[in-house]
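The values are calculated or read from the model by the stated rules, or taken from the named source; none is laboratory data. Owing to the predicted nature of the structure, the values given are computational and were not obtained by experimental measurement. All Cβ positions, glycine included, derive from the backbone under ideal geometry; neighbour counts span all protein chains shown. Accessible surface is based on the protein model in full, side chains and every heavy atom, while ligands, DNA and RNA are left aside. Shrake-Rupley method; radii C 1.70, N 1.55, O 1.52, S 1.80 Å.
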Amino acid sequence: MFEGSIVALVTPFKGDKVDEVSYKKLVDWQIGEGTNGIVPCGTTGESPTLSEKEHEQVIELCVQVVAKRIPVIAGTGSNSTSEAINMTKHAAKVGADAALVVTPYYNKPTNKGIYLHYKAISESADIPIILYNIAGRTGKNIEPELMAKLASDFKNIVGVKEASGSLEQMLRIKELCPKGFFLTSGDDALTLPVLAIGGIGVISVAANIVPRDVAALITAFNKGDLKKAQEINLKLVPLIRSLFIETNPVPVKTACELMGLCNGALRLPMCEMEEANLVKLKQALSKYGLLNMDLLNTRC
């Protein structure tokens, strides 16, 4: 149910409000382009700067527009357990298919604290829980042994978005966790390697702008066409690199605006790109065929 290319969708703004019209268009476009699932209110969706009301608004809007065509995996994580519980219960109530719950950040709980955090969330809501392990942002890694215990003890903890960058750790996850527990890549650049070790897909930043290609890579691999998967992957790599030239979601949201997909407005402390990096992003988009530099220069 949660396999393939799942987009961590940007949240467009209009002034100081969520741009619902643009968001609806993005969701429909993603489905039309072959995306297999949508994550509203992830890091790429600027969840840290959404108010509680906006967080609920975006998840409800996503569920309504998707209308069960593909799975909706709501971002509901927090470093406050009670806040994560409330957001997860809300996501379940409005019809999300699963919740993506990031490791508590900044407060750096012990392994016991992490266990109790996820225990409380999993017991609070009747919805599948997907762990989101990204120590680079949270300051705390979920060790494979702890992940295996969580997956064994709580049946609605069904998988992990793994963004440790360590294939060795991912292999340990596959080795230790129960058979039904799935691994999905949290790094676009590692999608193909993760598939090769038994992963089921990616929760993708790049799919915001090239959803068809990210989905095609996974489809080719699943069909046994490794050569085609490798070709798509090699084409994607320079583009993916450009999307992380500054902190996500700054480059990808800028790319969305350059491509005419939505307004690229960001909320502080996220801000517009440095000019030198913007040039590099435009060059990568142009080389990929997503941006006509001559036309852009004419407009400028």
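Quick look at the values:
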read-out	value
Selection within the stretch 74-130 - of a type in the set (Val, Ile, Thr), buried (at least 19 other Cβ atoms within 10 Å of the Cβ) and not in a strand (DSSP E or B)	Thr76, Ile85, Thr88, Thr103, Ile114, Ile121, Ile127
Residue that is in a loop (DSSP other than H, G, I, E, B), open to solvent by less than 60 Å² (accessible area, probe 1.4 Å) and under 27 Å from Lys24 (Cα atoms), where the choices are Leu285, Leu261, Leu239, Leu268	Leu261
Total residues in the stretch 129-144, condition over 14 Å from Ala84 (Cβ atoms) and in contact (Cβ under 8 Å) with a residue 40 or more places away in the chain	3
The stretch 140-165, subset among the small types (Gly, Ala, Ser) and open to solvent by less than 40 Å² (accessible area, probe 1.4 Å), residue nearest to Phe244 (Cα to Cα)	Ala163
Residues (within 17 Å of Phe244 (Cβ to Cβ), open to solvent by 10 Å² or more (accessible area, probe 1.4 Å) and not charged (D, E, K, R)) located in the stretch 181-191	Gly186, Ala189, Leu190
Members of the stretch 41-71 that are free of Cβ contacts under 8 Å to residues at least 60 places away in the same chain and not in a helix (DSSP H, G or I)	Cys41, Leu50, Ser51, Ala67, Lys68, Arg69, Ile70
Matching residues in the stretch 16-40 - criterion: being assigned to a loop (DSSP other than H, G, I, E, B), in contact (Cβ under 8 Å) with a residue 40 or more places away in the chain and either closer than 25 Å to Pro269 by Cβ or under 14 Å from the mean Cα position of the chain (by Cα) (or both)	Asp19, Thr35, Asn36
